[in-house]
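Here is the structure we will look at, set down as structure tokens.
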Amino acid sequence: MKNRIKILGIIALLATIGFSMISCGDGGGGGGGNDTLNGSWLDSNGDGFRLKNGSFECLENNKVSIKGTYTAGGKGKSVSGSIAMAVNEMHGDLLKDAFKSQGMNLNFESKFYTKSKFKDFLTAQIGSGENEISVINDFIKVLFPTLDGTYTGKELIVTMWNVTFTFPKKTSGSGSGSGGSSALVARWYNDQSTANSGFISGSIYVYEFTSKGKLLTMGFEIASYTVSGNTISVFVGGVLADTADYSINGTKLTISNVKHNMNGTTILQNGSFYKPAR
């Protein structure tokens, strides 16, 4: 019965993994490198990829969480094309947080797990019966996929667990982009310890304000926003949904005096939220 409960928990995790893993790296044996792709492709939160000669590192809050290899459709100096990125290793801290978000406390070590090492670990945790192995193999297919994407000289666009993300290429002296407020641009979490943990499931953060004036939660764009003085205005489909006052003190964001202007739509909430302390 105990193993059956664990299997049900894993099935639930499989169903939500697309919302739990938002970001992704030096895998063994590269393939199909491209000079244009070499470098860092990161958003303002330090999430994205580092690519070099057929190997990649995927980062969340500037920490490597996934490793793999890639092949690109263009060669040499090609400025655009397709890319296929095979996930070969996942960090134990990321796996631990993903399982924990589903109420399952598994003691993954703070190291990278290959497919075989992950299978060995999970087999020891839930068993090696036919049903257990079937679930574990399905889980491996989800956690170690090949990510599809495209690239240009300026952007890397990758579909990760059914969610598409765009990462700009980081160049020396590049800024954070236009739109939004630079003080607000970050992912904001419910508490400081969660924000600082480094490998954080995407389902935990409350808000992400981007440098281009977009408001996201769990990797999904839900609205746009503008800032005037200390007031945030949030728009859905071009219609004003919420307004609120805000203040930032170090890593703490305080939202107050929220006013909802659209029936049935509640986006902002009064309270305190925290970004990672770097």
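Which net charge results when you count Lys and Arg as +1 and Asp and Glu as -1 among the other residues whose beta-carbon is under 13 Å from that of F273? Mind dumping the intermediate values first?
Values: positive: R187, K252, K275; negative: D191, E208.
Around F273, the charge tally is +1.
Give me I157, I232 sorted ascending by neighbouring Cβ count inside 10 Å, so fewest comes first.
Ascending Cβ contact count within 10 Å gives the list I157, I232.
How large is ³J(HN,Hα) for each residue in region 99-108, as worked out from phi by the Karplus curve 6.51 cos²θ - 1.76 cosθ + 1.60 (θ = phi - 60°), to whole Hz, x for Gly and Pro?
Karplus-based 3J(HN,Hα) across region 99-108 equals 5, 4, 5, 9, x, 10, 9, 10, 8, 5 Hz.
For M85, M104, M160, what's the fewest-to-most ordering of other Cβ within 10 Å of each Cβ?
Ordered from fewest to most neighbouring Cβ atoms within 10 Å, M85, M104, M160 come out as M104, M160, M85.
Residue by residue, what Karplus-based ³J(HN,Hα) values in Hz, rounded to whole numbers, does region 127-137 have, using 6.51, -1.76 and 1.60 with θ = phi - 60° and x for Gly and Pro?
Result, ordered by residue: x, 10, x, 4, 5, 4, 5, 4, 5, 4, 5 Hz.
Report, by chain and number, residues whose modeled amide H sits under 5 Å from the one on L253, excluding near sequence neighbours (fewer than 5 apart, same chain).
Excluding prolines and chain starts, which carry no amide H, the hits are F273, Y274, K275.
Report the normalised scattering of region 186-274 as log10 I(q)/I(0) at q = 0.19, 0.21 Å⁻¹, calculated by the Debye formula with identical scatterers on the alpha carbons.
-0.87, -1.06
Take the residue pairs K52/K119; K96/K117; K63/K141; K67/K275; K100/K169 and return only those whose Cα atoms are more than 21 Å apart. Please report the intermediate quantities before stating the final value.
On the way: K52/K119 28 Å; K96/K117 14 Å; K63/K141 24 Å; K67/K275 25 Å; K100/K169 33 Å.
The pairs that break the limit, which is 21 Å between Cα atoms, are K52/K119; K63/K141; K67/K275; K100/K169.
Using modelled amide H (1.01 Å from N, peptide plane; none on Pro or chain starts), what sits under 5 Å from the amide H of L156, excluding residues fewer than 5 places away?
The list, which skips near neighbours in sequence, is F167, K169.
Values quoted throughout were computed directly from the atomic coordinates according to the rules given, and no laboratory measurement underlies them. Being a predicted model, the structure only gives us computed values, none of them experimental. Neighbour counts are summed over all protein chains in view; Cβ atoms, including those assigned to glycine, are modelled from backbone coordinates with ideal geometry.
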